[in-house]
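Have a look at the structure that comes next, please.
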Amino acid sequence: MISCAPGIVPDLDPAGGVEVRDDSGSTRNHIGGIMTGKRRIRIMVAKPGLDGHDRGARIIARAYRDAGYEVVYTGLHQTPEEIVEAAIQEDVDMIGLSSLAGAHNYLFPRTVELLKEKGADDIVVCGGGIIPDEDIPTLKAAGIREIFTPGTPLDVIVKWVADNVEPRGEY
Amino acid sequence: MNDLVENVVKGDIRAVARLIRDIDDGIPGVREALKALYPHTGKAYVLGITGSPGVGKSTLVDQMVSHLRRKEKTVGVLAVDPTSPFSGGAILGDRVRMQRHSLDEGVFIRSMATRGHFGGLTQSTRSAIDVLDAMGKDYIIVETVGVGQDEVDVVKSAHTTVIVVIPGMGDDIQAIKAGILEVGDIFVINKADREGSDKTLSDLRLMIDMDQKKYEDGGWKPPIVKAQAVFDKGVEEVLEEVEKHRAYLLETQGEIDFRRSPKRVREELMDLVKNRVIEEVLGKLTETGDFDAAVEAIARGEKDPYSACDELVLPRLEIH
């Protein structure tokens, strides 16, 4: 409630969202509370398979958050079935799969396949991790839109979302 | 929109997921959907779980879901995590602890970000509760970090509010006292194997006992349960206390008031009205350059902010 928050002044941003600037000078975006009708992109970062290394996935999640996206992290050891069900419940626009353990040739296409079965293949899927170059064409042919291998700068990964992911279509 | 509502009532996962998204994103058509949905609500039992970060709320919720599922109850979970005030983004990590229920059709889990709403968090969470209620969930568990008035309001609107603490946080209890002790119906000391759990227990008991008069007059006396949620210890006891509190509410308020207690309805309606007014007035402000013009005029010393406020708001109060 604005009137109860002394020192907080509403400011109007040109895009129609409402920003609130407090007197310490920091800026917070307050577009959610009022009916602006702006879709906020939601991303699921998922770790399919038995791979127990999620440092990379966590760093990616953090980078997405810092770029202003809402990121749902699933945790380790997920089956494609669990990931797809969670993605539908969370109504995410994109799934980022991370695999460092070599099972990507099964896990990534299986995820896309399940999304199709559930009528949710408008959710964009991309992947990352230790993925040999020769596997990439097959994965892309299976519907994984992009693969990010080690050494890809974070801003490339983040910018890819802005360029390739739109909020999902109407129900 | 009508199809959407119909499918929510039928329990269609995609429809439910989308309607909650529409609520969160503030899609204008959502109001009509919520109107149509309202007659289907008021059946679920709503539990609010709150406590500082790291006390084990998500783990407790995960275990409670398992217990409720064993009793063949269906469960909806709304896990609220903070939005970064700097980027507007959020990492919603509560699901990590609950993901084992992902394939269970009797469980629907949704992560929500606080998004820095104008008191709108309360409203959008309540609306999301209505959606899960209408889809037919028996229990709805809302989990929030109990910081700030909005989040306290969220758990306050639950039938039963569970406050989770851990031993050895000392002043933490003081912090709770200031804000949310009053709204706790059940206290859980999680990670009770840690040093200091007896001290925490006696601190809590002392605080609760200070309201002795209230209990003598028939008020609910909040029980304290020691638990180790990660090992599934004490979880059943928490749920037993929930059922006792539910029975207490039914007995003291009666079936009808229990479903829609006038106090809760009053708060909900007040929030809706406030948000609607803010929305309409700010929405109209964004259409013109009046706000910026007023800022400049005040900065130049030509106008005082109070008159400027009147000039901005009063003409815009005529809604429709």
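Quick note: the coordinates plus some simple rules give every number you see, no bench work behind them. Keep in mind that what you see is a predicted model, and the values were worked out from it rather than measured. Note that we place each Cβ from the backbone using ideal geometry, even for glycine, and neighbour counts take in every protein chain shown.
What area, in nm² and to one decimal, does the C-alpha convex hull of the range B:1-40 cast on average over all directions?
Taking the Cα atoms of the range B:1-40, their convex hull projects to 2.4 nm² on average.
So what are the three principal axis dimensions of the protein assembly as shown from its Cα atoms, in whole Å, longest to shortest?
Computed over the Cα atoms, the extents are 75, 66, 45 Å.
Here is a follow-up. To the nearest 0.05, what FRET efficiency results for residue B:209 and residue B:297 with a Förster distance of 56 Å applied to their C-beta separation?
E between residue B:209 and residue B:297, to the nearest 0.05, is 0.45.
May I ask you to sort B:86, B:258 by Cβ crowding, counting other Cβ atoms within 10 Å and putting the fewest first?
Result, fewest neighbours first: B:86, B:258.
Another one. For n ≥ 4 DSSP H runs only, could you compute -39500 (n - 2.57) per run for the protein assembly as shown, divide by its residues and tell me the 222 nm figure to the nearest 500?
So the calculated ellipticity at 222 nm is -14000 deg cm²/dmol.
Further question on the same structure: Relative contact order, percent, of chain B when contacts are C-alpha pairs under 8 Å separated by at least 6 residues?
RCO, chain B: 18 percent.
Which FRET efficiency value, to the nearest 0.05, is calculated for residue B:230 and residue B:255 with the Förster distance at 25 angstrom and r the Cβ-Cβ distance?
Calculated transfer efficiency: 0.10.
What translational diffusion coefficient, in µm²/s and rounded to a whole number, does the Stokes-Einstein relation yield for the range A:42-164 at 37 °C and a viscosity of 0.692 mPa s, taking the hydrodynamic radius as the Kirkwood radius over Cα pairs?
Working: Rh = 14.0 Å.
Here the translational diffusion coefficient equals 234 µm²/s.
Let me ask another. Using a 10 angstrom cutoff on alpha carbons, build the Gaussian network for chain B and name the most mobile of B:261, B:66, B:124.
Greatest mean-square fluctuation among the candidates belongs to B:261.
Moving to a separate point now. Assign one of three labels to the range B:42-259, namely rounded, prolate or oblate, based on the Cα gyration tensor with a ≥ b ≥ c the square roots of its eigenvalues; rounded applies when a/c is under 1.5, prolate when it is not and a/b is larger than b/c, and oblate otherwise.
rounded
Another one. Taking a threshold of 22 Å on the Cα-Cα distance, which of the pairs A:38/B:43; A:47/B:137; B:73/B:233; A:47/B:71 fall above it?
On the way: A:38/B:43 31 Å; A:47/B:137 29 Å; B:73/B:233 20 Å; A:47/B:71 31 Å.
Over 22 Å apart, Cα to Cα: A:38/B:43; A:47/B:137; A:47/B:71.
Under the Karplus relation 6.51 cos²θ - 1.76 cosθ + 1.60, θ = phi - 60°, what is the ordered set of whole-Hz ³J(HN,Hα) values for the range B:261-270, x standing for Gly and Pro?
Once rounded to whole Hz, the list reads 5, x, 5, 5, 4, 4, 4, 4, 5, 4.
Follow-up. Pop a pseudo-label 7 angstrom from the Cα along the beta-carbon direction at both residue B:272 and residue A:59 and give the gap in nm to one decimal.
Spacing of the two 7 Å Cα→Cβ label points: 4.9 nm.
Mark the label point 7 Å from the Cα of residue B:104 along Cα→Cβ and return the residues of the range B:56-73 whose backbone N is within less than 16 Å of it.
B:58-73
Which one, B:227, B:273, B:242, projects farthest toward the positive side of the charge dipole computed for the range B:220-280 from Cβ point charges (K/R +1, D/E -1)?
Value computed over the given set: B:273.
If one computes the Cα centroid of the range A:48-120 and of the range B:1-49, what distance in Å separates the two points?
If we compute the Cα centre of each part, the gap is 26 Å.
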